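Structure record follows, encoded as structure tokens.
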Amino acid sequence: QVQLVESGGGLVQAGGSLRLSCTASGRSFSSRTMGWYRQAPGKERDFVTAISWGGGTYYADSVKGRFTIARDNAKNTVYLQMNNLKPEDTAVYYCAASYCSGAACYHTGSYDYWGQGTQVTVSS
């Protein structure tokens, strides 16, 4: 069993930055791929980024060059640094855990544990 708790969301102006954190319980964190997804009102939950147990990273095209994912296995925590935020980044951001690798890590169904989400609002 893995429990995920996100933090760091909030309200920011366009062009600003936020850093999200997700802390996991359980012993399997270091062997898991950790991902971030987001869901805007009335839309599907979309892949944002993921980081494998070995540090390999995956990014959605919409966030490449602006968002950076990192992990600290000693703290069971994964981070999402979001820079140059845009109003279209407004969404609830979810942390998720998986044993996926490669292209499978882009797919929602590959993740078996999810956090409760944290709201990110970007004003124009």
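How about the range 1-58: which of its residues are among the small types (Gly, Ala, Ser) and either farther than 20 Å from Leu85 by Cβ or in contact with a His (Cβ under 9 Å, 6 or more places away or on another chain) (or both)? Quick ask: steps written out before the conclusion?
Residues of the range 1-58 among the small types (Gly, Ala, Ser): 7-10, 14-17, 21, 24-26, 28, 30-31, 35, 40, 42, 50, 52, 54-56.
Those that are among the small types (Gly, Ala, Ser) and either farther than 20 Å from Leu85 by Cβ or in contact with a His (Cβ under 9 Å, 6 or more places away or on another chain) (or both): Ala24, Ser25, Gly26, Ser28, Ser30, Ser31, Gly42, Ser52, Gly54, Gly55, Gly56.
With the requirement that a residue be free of Cβ contacts under 8 Å to residues at least 12 places away in the same chain and touching a strand residue (DSSP E or B) at 6+ places or on another chain (Cβ under 7 Å), what does the range 26-67 give you?
Tyr59
Across the range 76-121, what is the number of residues that are buried (at least 21 other Cβ atoms within 10 Å of the Cβ), part of a strand (DSSP E or B) and of a type in the set (A, V, I, L, M)?
Going through the range 76-121 one residue at a time, the tally reaches 7.
List the residue pairs whose Cβ atoms are under 6 Å apart, where the first residue sits in the range 99-121 and is over 22 Å from Ser30 (Cβ atoms), the second is among the small types (Gly, Ala, Ser) and surrounded by 13 or more Cβ atoms within 10 Å (Cβ to Cβ), and the two are 6 or more positions apart or on different chains.
Thr118/Gly9; Gln119/Gly9; Val120/Gly9
Could you list, in sequence order, all residues of the range 15-41 that are touching a helix residue (DSSP H, G or I) at 6+ places or on another chain (Cβ under 6 Å) and either of a type in the set (A, V, I, L, M, F, W, C) or open to solvent by 10 Å² or more (accessible area, probe 1.4 Å) (or both)?
Ser30
Residue by residue through the range 32-75, note down the ones that are out of contact with any Lys or Arg (no Cβ under 8 Å at 6 or more places or on another chain), in a strand (DSSP E or B) and of a type in the set (D, E, K, R).
Across the range 32-75, the qualifying residues are Arg71, Asp72.
Restricting attention to the range 42-75, which residues are open to solvent by 60 Å² or more (accessible area, probe 1.4 Å) and basic (Lys, Arg)?
Lys43, Arg45, Lys64, Lys75, listed by residue number.
Tell me which residues, restricted to the range 20-45, are over 19 Å from Gly102 (Cβ atoms) and among the charged types (D, E, K, R).
Of everything in the range 20-45, those that are over 19 Å from Gly102 (Cβ atoms) and among the charged types (D, E, K, R) turn out to be Arg27, Arg38, Lys43, Glu44, Arg45.
The values are calculated or read from the model by the stated rules, or taken from the named source; none is laboratory data. Quantities reported herein were computed from a predicted structural model and do not represent experimental measurements. Here the Cβ is made from the backbone with ideal geometry for all residues, glycine too, and neighbour counts use every protein chain on show. The accessibility values were calculated without ligands, DNA or RNA, using every heavy atom of the protein model including side chains. Shrake-Rupley method; radii C 1.70, N 1.55, O 1.52, S 1.80 Å.
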